[in-house]
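First comes the structure, then the notes that go with it.
The values are calculated or read from the model by the stated rules, or taken from the named source; none is laboratory data. Just so you know, these numbers come straight off a predicted model, no measurement behind them. Every residue, glycine among them, receives a Cβ derived from its backbone with ideal geometry; neighbour counts consider all protein chains shown.
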Amino acid sequence: MKKTTFVSVVAVALVTSCFGAFASAAEFLSGIQWAEPEVIDPGTPGKAPSDAVVLFDGTDMSAFHGAERWTVKDGAIVAGPGAVRSKAQFGDCQVHIEWASAAEVKGSGQGRSNSGVFLMGKYEVQVLDSYENKTYFDGQCGAIYKQHPPLVNACRKPGEWQSYDIIWKAPRFDDDGKLLSPAFVTLLHNGVLIQNHFQLQGDTPYNRAPAYKAHGEKGPISLQFHGNPVRYRNIWVREVKELENRRIHEPKLR
């Protein structure tokens, strides 16, 4: 038998053997019947997914309360006195927001484009120009304020647009106000993971220790004004819900 023929015969035998073993292998069945995932349009770059609630698309601030002294210029929000909060409220969610610090560098530490994104109006992700600007680490850009620094400093240069993508798991409380499960946050800054499913110790004040106080299942997205120039654009939120499912049998092999 020629060498090439022998190799071909061996290859066919191996494939047949492997296929037979795969076909006869047991299959694990979880016993959980899942709802079919919804089909959405993920959107083109710079656009929101089809299932998102758009809070700012470059036109006006009608989706917010308290925005009387905030302005819109060239498709971006220019922060002004007072905090703004979304009219829509959210629990577990995905938040996308783009922001830019002042192009002209003035001040240092906490005095450079200081602002914040507050989940449920209570839990702050710090906004700050931390490009070549040192401050306390749990108060720099991307920190969970006064609780956890970012894993890395991913800040762009002053004046350049930056992005936050926040995955938020809201805390749960029982009917008596007791904490059942804490909040968790994952944060990507300019596409870089800087908070990895961090467990919050409570709210994020400056002048006391963090603490949980019972509140509703949903709350607004708030933006802070700290007296420094900062701009925002392209803000949208997706509610995150677990797929419906039910157990139809115990786990088994078949």
Checklist line | Candidate set from region 75-119 (those that are over 22 Å from Ser50 (Cα atoms) and of a type in the set (Val, Ile, Thr)); member that is farthest from the chain's Cα centre (by Cα) | finding: Val105
Notebook entry, point to check: Does region 231-254 hold any residues that are in a strand (DSSP E or B), on the phi < 0 side of the Ramachandran plot and of a type outside the set (D, E, K, R), and which are they?
Noted result: Tyr232, Ile235, Trp236, Val237, Asn245, Leu253
Check: So which pairs qualify, if the first residue must be in region 181-194 and assigned by TED's automatic domain parsing to the domain that holds Lys169, the second must be assigned to a loop (DSSP other than H, G, I, E, B) and among the aromatic types (Phe, Trp, Tyr), the Cβ gap must be under 9 Å, and the two must be at least 6 apart or on different chains?
Finding: Pro182/Tyr212; Ala183/Tyr212
Check: Which of the residues that make up region 104-114 are touching a Ser or Thr at 6+ places or on another chain (Cβ under 6 Å) and in a loop (DSSP other than H, G, I, E, B)?
Finding: Ser113
Margin query: Considering only region 37-59, I want to know if a residue exists there that is within 23 Å of Gly227 (Cα to Cα) and outside any strand (DSSP E or B).
Written below: yes
Checklist line | Number of the condition not met by Asn196 [criteria: (1) closer than 25 Å to Gly46 by Cα; (2) buried (at least 19 other Cβ atoms within 10 Å of the Cβ); (3) of a type in the set (S, T, N, Q)] | finding: (2)
Item checked: strands (runs of 3 or more DSSP E) (entirely within region 115-207) containing at least 1 residues that are among the aromatic types (Phe, Trp, Tyr) -> 115-119, 123-127, 161-169, 184-189, 192-199
Note to self: Can you report the number of residues in region 120-173 which are more than 23 Å from Gln89 (Cβ to Cβ) and either touching a Lys or Arg at 6+ places or on another chain (Cβ under 6 Å) or buried (at least 23 other Cβ atoms within 10 Å of the Cβ) (or both)?
What the structure shows: 11
Note to self: If I filter region 228-240 for residues that are farther than 16 Å from Phe118 by Cβ and exposed (fewer than 14 other Cβ atoms within 10 Å of the Cβ), do I get at least one hit?
What the structure shows: no
